[in-house]
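> This is the structure I have questions about; it appears just below.
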Amino acid sequence: MSAENSARSVRQADGLDPVRALQRVLYRSAKQDRTRRFHALFDKLTRSDVMWRAWVDVATNQGAPGVDAISIADIGAGGTESVRAFLDGLTAELRSGTYRPKPLRRVNIPKPGKPGETRPLGIPTIADRVIMTAAKIVLEPIFEADFHPVSFGFRPNRSAHQALEAVRQTANKGRGWVLDADIKACFDNIDHEALMAQVERRIVDRQMLKLLRSWLRAGVFEGGVVSDSEAGTPQGSPVSPLLANIALHVLDEAWASGGKRLGTLVRYCDDFVVLCPTQERAEAARDLAGETLEPFGLQLHPDKTRIADLRQGAEGFDFLGFHHRMVKSWKRPGRYWLHKWPSPRAMASIRGKVRALTTPSRVGLDLGVVVDDLNPVLRGWGAYFRQGNSSAKFSAIDAYVHERVARLASRKHGLRGCNWSDRFTWEWLGNLGIYRLTGTVHYPTAHALR
């Protein structure tokens, strides 16, 4: 039975939309035969429903225009008909073989919590983003069938909080040493040939492979010059996280085939830790990770990769924005449990955002406008970090917000002196409608050994 007929049968049986039905068929086919290589995928990518879903995803995510300066608003200005015409044009280019990706527009964005430091971001054009997203829709189910449970980043129905919970449970079972690994410039250094060799383990559709290679080699536009891309998959591309996971899947495979005797791997795309019972095994895990990554042009950062001793709270480590450390139990003497709270970098990041929204230059704005700008930032940050032992850090941020808004109010009213907390109390701040982090922490099941 062809994929089209299989998708139709699945759709009728399960009531799924056509794109979801197609993904389910591809996943089942890959799962049932771990050696199967897929020949006919390019025609799935150019289906009108797949292209439309890709457009919806790209439009929902918004984002800046690429080198052609065409924005999402420009494409959607004429309504559904203009979008359909745009997608039909892309489909025609793909089917005729005339499609060529444009270079990525390079921008440097600030690193959260690291003032003055930036990281490069490659922004594809909207047209390229739509086609990349369509390719991801088709390819992702096939590789999902192979991916291991230790991988949590940029995967359907998996999240950072699940990775954090896996770390907590493992540490609480006595894994007292952790390899806190950092892959040096992972997205910039992945070897193209090694990556494509991994892709070709499952994909033999020549048109699809040619498309992937064209994106890897599209180059970067910066300062009026286009530079070639000899390695890496640029951050900012919709398909890059999937390609990174395909490359780093070799790390998961290494652990599944023998590395698990050293410790438990928890990976969120290029960020991973290994929790081990002894220091010797943590060192062996570091060596195994380095050897596994080397063929892909990747290496562990010598200065940022470390082995931490978690026992009795001796050391902690940062992972996915949280600082993790063993804390003595107040219920069971002599027992320690892993706690987590926002890392210093995460605290610096939210303080920087609050500071930027309460600068003296905003003194002319109504305080209600300032609060309306602050609240989404505080809610978003708090929603992520509430899953942990963050109450003290939340109180510190609440106090900082109080100080910044009160000082802005002092300037607004021409008041002098440092007694802002007496003039502008918590009650005053609450009446402005400011969002408070205090009291929103969600604690995990107490001291669970799950």
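The values are calculated or read from the model by the stated rules, or taken from the named source; none is laboratory data. If you're wondering where the values come from, they're calculated on a predicted model, not measured in any experiment. Cβ atoms come from the backbone with ideal geometry, glycine included; neighbour counts cover every protein chain shown. SASA here: full protein model, heavy atoms, side chains in, ligands and nucleic acids out. Shrake-Rupley method; radii C 1.70, N 1.55, O 1.52, S 1.80 Å.
> Around S96, with a cut-off of 15 angstrom between Cβ atoms, what is the net charge of the other residues, counting Lys and Arg +1 and Asp and Glu -1?
Numbers: positive: R95, R100, K210; negative: D43, D88, E93.
Neighbour charge sum, excluding S96 itself: 0.
> What's the carbon and sulfur percent of the chain's accessible surface, probe 1.4 angstrom, rounded to a whole number? Mind showing how you got there, number by number?
Details: 10580 of 21310 Å².
Roughly 50 percent of what the probe reaches on the chain is carbon or sulfur.
> Can I ask one more? Can you give the extra length, in nm with one decimal, that the chain gains between K210 and K412 once fully stretched, where that is 0.36 nm per residue apart less the Cα-Cα distance? The partial results should precede the final answer.
Values: separation 202, 0.36 × 202 = 72.72 nm, distance 5.99 nm.
That pair, K210 and K412, stretches by 66.7 nm at full extension.
> Further question: At E193 and R386, where each label point lies 7 Å from the Cα along Cα→Cβ, what is the point-to-point distance in nanometres?
5.1 nm
> Next question, about the same structure. Write down the radius of gyration of region 77-156 and its Dmax, each obtained from C-alpha positions, in Å.
17.4, 48
> Next question, about the same structure. Please state, as a whole number in µm²/s, the translational diffusion coefficient that the Stokes-Einstein equation yields for region 359-409 at 4 °C and 1.567 mPa s, with Rh defined as the Kirkwood radius across alpha carbon pairs.
Numbers: Rh = 12.0 Å.
My calculation gives 108 µm²/s for D.
> Rounded to two decimals, what is the ratio between the C-alpha radius of gyration of region 328-450 and 2.2 N^0.38 Å? Please list the in-between numbers first.
On the way: Rg = 17.3 Å, N = 123, 2.2 N^0.38 = 13.7 Å.
Dividing the Cα Rg of region 328-450 by 2.2 N^0.38 Å gives 1.26.
> Let me ask something else. How big, in percent, is the set of alpha carbon pairs in region 266-365 lying more than 18 Å apart?
63 percent
> Would you mind working out the magnitude of the charge dipole of the chain relative to its Cα centre, with +1 at each Lys and Arg C-beta and -1 at each Asp and Glu C-beta, to the nearest 20 Debye?
On the way: 65 positive and 48 negative charges, 294 e Å.
Once rounded to the nearest 20, the dipole reads 1420 debye.
> How much of the pair distance distribution for the chain lies past 38 Å, counting alpha-carbon pairs only, in percent? Working shown, then result.
Working: 35830 of 101025 pairs.
Roughly 35 percent, once rounded to a whole number.
> Here is a further query. Any chance you could list the semi-axes, whole Å, largest first, of the equivalent ellipsoid that the Cα gyration tensor gives for region 44-191, using √(5λ)? Don't skip to the answer; put the middle values down first.
Working: eigenvalues 251, 86, 42 Å².
Sorted largest first and rounded, they come to 35, 21, 15 Å.
> Find the eigenvalues of the gyration tensor of the Cα atoms of region 290-336, then list the square roots of 5 times those eigenvalues as equivalent ellipsoid semi-axes, largest first, in whole angstrom. Write down the numbers at each step before the final one.
Numbers: eigenvalues 210, 22, 15 Å².
So the three semi-axes of region 290-336 are 32, 10, 9 Å.
> How far apart, in nm, are two points set 7 Å out from the Cα along the Cα-to-Cβ line at R261 and at L365?
6.0 nm
> How much accessible area does H413 have with a 1.4 Å probe, in Å² rounded to the nearest 10?
120 Å²
> Extending each Cα 7 Å along its Cβ direction at S71 and T98, get the distance between those two points in nm, one decimal.
2.9 nm
> Cut-off under 14 Å on the C-alpha distance; same-chain residues fewer than 8 positions from K328 excluded. Which aspartates and glutamates are left, in chain and number order?
E315
> For the chain, with every protein chain kept in place, what is the accessible area per residue (1.4 Å probe, Å²)?
Values: 21310 Å² over 450 residues.
With all protein chains present, the chain gives 47 Å² per residue.
> If the reach is capped at under 30 angstrom between alpha carbons, list the lysines near K111, excluding any in the same chain fewer than eight residues apart.
Correct list for K111: K102, K136, K184, K304, K340, K353, K393.
> Sticking with this structure for a sec: Work out how much length S421 to D372 would gain on full extension: take 0.36 nm times their residue separation and subtract the Cα-Cα distance, in nm to one decimal.
On the way: separation 49, 0.36 × 49 = 17.64 nm, distance 2.12 nm.
15.5 nm is the gain from fully extending S421 to D372.
> I've got another one for you. Restricting things to Cα coordinates, could you compute the convex hull volume per residue of region 60-111 in Å³?
Numbers: hull volume 5.6 nm³, N = 52.
Given the Cα convex hull of region 60-111, per-residue volume reads 107 Å³.
> I would also like to ask the following. Only helices at least 30 Å long along their own axis, judged from Cα atoms, and with Kyte-Doolittle mean hydropathy of -0.5 or greater: name those in the chain from DSSP H.
Working: long enough: 391-412 (31 Å, -0.30).
Answer set is 391-412.
> At a probe radius of 1.4 Å, what is the per-residue accessible area of D74, in Å² to the nearest 10?
90 Å²
> Which value results for Rg/Rh of region 184-328 when Rg is the Cα radius of gyration and Rh the Kirkwood radius based on the inverse mean 1/r? Please report the intermediate quantities before stating the final value.
Values: Rg = 17.7 Å, Rh = 17.0 Å.
Rounded to two decimals, Rg over Rh is 1.04.
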